[in-house]
1. With each run of n ≥ 4 DSSP H residues scored as -39500 (n - 2.57), what mean residue ellipticity at 222 nm is computed for the chain after dividing by its residue count and rounding to the nearest 500 deg cm²/dmol?
2. Counting other beta carbons within 10 Å of each residue's own, what order do 123, 62 fall into, fewest first?
3. Write down the Kirkwood hydrodynamic radius of the stretch 10-89, to one decimal in angstroms, obtained as one divided by the mean of 1/r over all alpha carbon pairs.
4. Of the listed values (i) 221; (ii) 127; (iii) 163, identify the label whose number matches volume of the Cα convex hull per residue in Å³ calculated from this model.
5. Stretched out fully, how many nm does the piece from residue 11 to residue 119 gain, at 0.36 nm a residue minus the Cα gap?
6. Give me the percent relative contact order of the stretch 96-204, please, defined on Cα pairs under 8 angstrom at least 6 residues apart.
7. Cβ neighbours within 10 Å, averaged per peptide: list 140-148, 5-13, 108-116, 251-259 in order, most packed at the top.
8. Provide 68, 118 in ascending order of the number of other Cβ atoms located within 10 Å of each residue's Cβ, fewest first.
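Coordinate-derived values only; no laboratory data. Here the structure is a predicted model, which means the values were calculated and not measured. Note that each Cβ is placed from the backbone with ideal geometry, even for glycine, and that neighbours are counted across all protein chains shown.
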C-alpha cells in the first residue's frame, strides 16, 4: 500500500469540491449540474453530464461507480485554476508517493515526541493503532492516516474508498477515510513549526546515541529545510535501526520538500492511501 500527497487549490476545494460532495450525498444529479456550470475543464464537464444523465434519484449510490471515481480523481487530485471559461486543470503537477507504512513512520518521527522510532516492535504497534483510528493532533501523520480536520459535512468514506477504512462520528466531530485533506492555512502552520520539530527529532537522536555532539547536524537540517541540495553522503544518524534507516534522511527530505512547496505556493494538501509501486511524483 502506498500513500500519495498532492497539492490542491485551496479556493477550488473550499468553493467547489466540498459543497459538491456535501450536496451529492442526497442529490447527486443537482450537485453534478451545479458543478458542471462552474467548470471550464472539458473532461470533468463531460463526466458530470454523463453521470447526471444516467443518475437515478438519490445520492452517490445512484451513480455509475466508474464514472464517479474518474470525476472524484480529477476533482481532488489534479491541479485546478480559474480560467476565463470556469475552473480548469492547470497542466502538470508535483506530488509525493511512498510506501504507506514508511511515510507514516517518518511523519510520526517528526510529529510525535514520544514515538519510539528506534524500537521496531513498539513503533509498528503505534503505527498499526494509528491507522485503525487516527488521532487528530499529530499534524502530517494524521493527514497521512486519513483523519479529517476540519470536520466535513459529509462522510468522506462514502465519496470513495480504497482500503475500506472509514468512520464518520457527527457527535464527536471525528471523521477519517482512505483519503483526507488539509487547507492551506493548516499547511502554512505546519511549515512554520517544522524547523522546531526537526531540531527536536535530532535532539532525540543525539540522546539515543549518547553523543556529546551530533555529527552532520547542520548539514542534515540544511537538507531538510531546503538550504542544501543533497544530504551528507555518510551519517551516523539513525544508524543501527534497520535496513531502511539509512534512507530516512533522504526520504524525510523528500516529504518536507513537498510540505514546504505547498506552503510556499499557498496550497492545501490531499492524501490518498492506494495500492501500487512506490514512486515519487
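1. Numbers: 10 runs with 124 residues, N = 281.
The per-residue figure over the chain is -14000 deg cm²/dmol.
2. In order of increasing Cβ crowding within 10 Å: 62, 123.
3. On the way: mean 1/r = 0.0813 Å⁻¹.
Evaluated over the stretch 10-89, this radius sits at 12.3 Å.
4. It is the one labelled (ii).
5. Numbers: separation 108, 0.36 × 108 = 38.88 nm, distance 4.18 nm.
Extending this stretch completely gives an extra 34.7 nm.
6. Values: 122 pairs, mean separation 25.2, N = 109.
Contact order relative to length: 23 percent.
7. Details: 140-148: 26.1, 5-13: 21.9, 108-116: 18.3, 251-259: 20.3.
The peptides rank, most packed first, as 140-148, 5-13, 251-259, 108-116.
8. Details: 68 21, 118 17.
In order of increasing Cβ crowding within 10 Å: 118, 68.
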